[in-house]
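These notes are about the structure you will find just below.
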Amino acid sequence: MAAMNASSLQASLFDFAIGELVRQHRESFQPLWSTESWAKLMIWLSLNCGCSGDRQGLETFAAALGSVSGRMRRLFFERELDDMDLQVLADPAEQQVLVLPLHQGSSLEPARVAQALERLELLPRLVAQPNHWQHLEGVVAIPWRHHDQQTP
């Protein structure tokens, strides 16, 4: 503890606080699992930080965040289902949703993965047939449906 200086403690506190802020508010911005919801969170944050809502104000806010925005985005589109021992990474900017076990050796059976996706309301947005899923070592990769295939 003595090795930690004030700057590293402040950085740790900031990292913790921004992570909690994203986790607590990510369900508030609809539609879930969309770039639109991410943009709404960023606008909300920028306005609450005193930036104007115009293009220049939003761009200034985004530039000020720098690399922090990448971590925030990952947290925004990540869910951990502790009771199912699964982690889901579902950023719509990526080509696939990734499902991973939280602990090594946990099952990635298609029925369990489908149940997790259904619980997160992701299944209608994805290619639902498990035979189209890629089963890699320790991860299942599931493609997003094309926008013209989205179910209402």
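The values are calculated or read from the model by the stated rules, or taken from the named source; none is laboratory data. Since the model is a prediction, treat every value here as computed from it, not as a measurement. Note that we place each Cβ from the backbone using ideal geometry, even for glycine, and neighbour counts take in every protein chain shown. These accessible areas exclude ligands, DNA and RNA; they are computed on the full protein's heavy atoms, side chains included. Shrake-Rupley method; radii C 1.70, N 1.55, O 1.52, S 1.80 Å.
A few remarks follow.
- Across segment 121-128, computed HN-Hα scalar couplings (Karplus, 6.51 cos²θ - 1.76 cosθ + 1.60, θ = phi - 60°) run 6, 9, 3, x, 8, 10, 5, 7 Hz from first to last residue, x flagging Gly and Pro.
- Local electrostatic count, Ala141, Cβ distance below 13 Å [Lys/Arg +1, Asp/Glu -1]: -3
- Listed values for segment 102-119 are Karplus-derived 3J(HN,Hα) couplings in whole Hz (6.51 cos²θ - 1.76 cosθ + 1.60, θ = phi - 60°), namely 6, 10, 4, x, 6, 6, 10, 4, x, 5, 5, 5, 4, 4, 5, 5, 5, 4, and x replaces Gly and Pro.
- Proximity of backbone amide H atoms, modeled 1.01 Å from N, is registered between Cys51 and no other residue at under 5 Å, excluding neighbours fewer than 5 places apart on the same chain.
- Stretch in the chain that is longest and holds no GluC sites (Glu not before Pro) that DSSP places in a loop and that have at most 11 other beta carbons within 10 Å: 1-120
- Shape call, segment 1-85: gyration tensor on alpha carbons, a/c limit 1.5: oblate
- Heavy-atom surface of the chain, accessible at 1.4 Å and reported per residue (Å²): 62 Å²
- Each residue of segment 83-93 was assigned a 3J(HN,Hα) from its phi angle through the Karplus curve 6.51 cos²θ - 1.76 cosθ + 1.60 (θ = phi - 60°); the sequence is 5, 9, 6, 10, 10, 10, 10, 10, 7, x, 6 Hz, with glycine and proline shown as x.
- For Leu123, the shell of other residues with beta-carbons less than 14 Å away shows a net charge of +3, using +1 for Lys and Arg and -1 for Asp and Glu.
- Between amide H atoms placed 1.01 Å from N, distances below 5 Å from Leu86 occur with Leu81, Leu102, all of them 5 or more places distant or on a separate chain.
- Student exercise, the chain dipole from Lys, Arg, Asp, Glu Cβ charges, in Debye to nearest 20: 260 debye
- Computed magnitude of the charge dipole of segment 7-64 (debye, nearest 20; Cβ of K, R +1, Cβ of D, E -1): 40 debye
- Listed residue (Ser28, Ala93, Ser69) projecting farthest to the positive dipole end of segment 7-96, Cβ model: Ser69
- Normalising the average separation of contacting C-alpha pairs (under 8 angstrom, six or more residues apart) by the number of residues puts the relative contact order of the chain at 15 percent.
- Surface share of carbon and sulfur [accessible, 1.4 angstrom probe, percent] for the chain: 55 percent
- Based on DSSP H segments of at least four residues, each scored -39500 (n - 2.57), the chain has a per-residue ellipticity at 222 nm of -13500 deg cm²/dmol.
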